[in-house]
Amino acid sequence: MGENLSLKGRMDDLGINQDELAFKMNDALWDLTGRPGDFSSRTVRNWLSGKVTRPVGKTCAALERVFGCRVEDLGFTAPSSMKRSPEAPVRRRDFIASTTGSAAGAAPVIRRRHSVGMSDVQRATAGMDALIAADDRHGGHRKLATAALEARSEILDLQGRSASQRVRNALYALAAEFTTIAAWAYIDLRELDAAQKHLHESTTFAGLSQDAPTEMRVWMNVTMLAYQRRNGSEQLAAAQAALACTAARRDPFFGSMGRVRVALAQATLGDSKAAQRSLGTAQEALRKAAEDERPRWTAFYGPAELNHLASIIMNRNGAYGDAEAMAHRALSRIPKEFRRNRALATCQLASAQLHQGEPEAATKTAANVFAIMDGAPLPGRMRTLVGDFHRDLFRLAPSTSYARDWADRTRDEWSRA
């Protein structure tokens with residue numbers, strides 16, 4: 001007689017404890033026989049300790065209904081009264097997430113089962129991470145938003161099945177994450193009304209999830225939406241809400257994220273001194289942050305991205321020399337796979353050079369944006385930055401040969417998109 005590690009592993013997989021398993025067993029037995037069961041945590045302890053290794057037939061049937069697998073896979077011996085059809089064993093549900101270059105196939109594909117557990121959450125998380133990676137490479141696009149919303153629908157469908165509270169919270173967190181990915185894609189596309197709609201939805205799911213990093217992410221995207229709408233007051237309020245989140249209070253890493261968004265909002269509102277102070281506190285908080293494991297969506301943030309955001313703040317404050325220095329620092333450290341972020345930092349560098357009276361150098365820098373994106377369509381947000389540079393270039397150096405060459409280049413790139 002020894003500990004039943006197979007059953008323990010399956011319980012961990014579903015995210016349930018002994019009392020919750022007993023409840024599920026009684027529920028399953030009612031479904032099977034129309035009679036209430038008398039399973040308790042003591043019953044489950046006897047199974048886990050190995051005291052009971054050959055449950056009776058009705059118990060075996062209930063176990064298979066709860067876990068979606070044969071009792072032999074749970075570490076038990078089936079009674080001889082249970083006849084098996086070898087060609088039709090009970091199978092666990094497959095929960096598959098895959099990606100293509102366009103990320104259109106990243107939604108989970110589900111085969112129905114009575115209950116849902118942490119293994120399902122983990123597989124859905126892998127699909128979510130694939131969508132985030134696609135966004136890192138290409139930026140927001142319509143196929144990404146569609147894939148994220150389809151995945152959200154699959155996740156919400158799972159909420160209708162038997163699950164522990166831990167699993168339900170995790171599913172709501174995933175629903176919030178997938179909805180936020182869609183909202184972010186629409187922000188990048190500059191389809192701001194659609195982004196607003198999905199951010200409202202993700203706020204609800206994040207609240208239901210009770211997951212601090214997820215709540216933080218939603219507020220971060222609300223600040224971005226307000227920034228794109230050029231609504232400085234709403235941007236500041238959302239940034240302060242992000243900074244007040246539990247994740248930001250407990251972890252200096254998230255605290256740095258919140259503080260730099262406050263700095264961006266203050267720069268938008270023209271308060272350069274406050275923006276500089278908030279930027280300093282964001283830099284200090286990031287220096288204090290430990291190298292902990294965090295959600296995949298946070299991978300973009302670190303010293304390189306903070307320098308990129310600092311260059312935006314400096315450009316808005318009119319400190320163009322500092323903005324150029326920060327952009328150079330960012331580009332020296334942003335990983336190559338974060339193509340969209342590298343291209344955005346390049347836009348900031350070109351703007352800083354242009355406003356320091358170096359239009360020819362700035363034009364060469366701006367042209368690197370197209371090389372970095374390597375033929376991928378520029379997201380709407382990036383096109384806006386390139387358009388801003390274009391207008392400033394022709395305001396400051398309208399009749400130069402390099403300005404005309406730039407105009408020809410952008411016309412070709414725009415027609416190709």
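The values are calculated or read from the model by the stated rules, or taken from the named source; none is laboratory data. Everything quoted here is computed from the prediction, not taken from an experiment. Quick reminder, even Gly has a Cβ in these numbers, built from the backbone with ideal geometry, and neighbours come from all protein chains shown.
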The helices (runs of 4 or more DSSP H) lying wholly within region 299-376 that contain at least 3 residues that are within 25 Å of residue 128 (Cα to Cα) are 303-317, 339-354
For region 266-284, pairs from a residue that is within 22 Å of residue 249 (Cβ to Cβ) to a residue that is among the aromatic types (Phe, Trp, Tyr) and part of a helix (DSSP H, G or I), with Cβ under 8 Å and 6 or more apart or across chains, are none
The correct count of residues that are at positive phi and in contact with a helix residue (DSSP H, G or I) (Cβ under 8 Å, 6 or more places away or on another chain) in region 48-76 is 1
(message) When you check residue 125 against the structure, is it more than 22 Å from residue 194 (Cα to Cα), modelled with pLDDT of 70 or more, touching a helix residue (DSSP H, G or I) at 6+ places or on another chain (Cβ under 8 Å) and of a type in the set (Val, Ile, Thr), yes or no?
(response) yes
- Query: Within region 186-204, is there a residue that is surrounded by 20 or more Cβ atoms within 10 Å (Cβ to Cβ) and of a type in the set (Ser, Thr, Tyr)?
  - Reply: yes
- Residue in region 208-227 that is closer than 22 Å to residue 284 by Cα, among the aromatic types (Phe, Trp, Tyr) and buried (at least 21 other Cβ atoms within 10 Å of the Cβ) present: yes
Note on residue 172: of the conditions (1) aromatic (Phe, Trp, Tyr); (2) touching a Leu at 6+ places or on another chain (Cβ under 8 Å); (3) within 30 Å of residue 385 (Cβ to Cβ), unmet is (3)
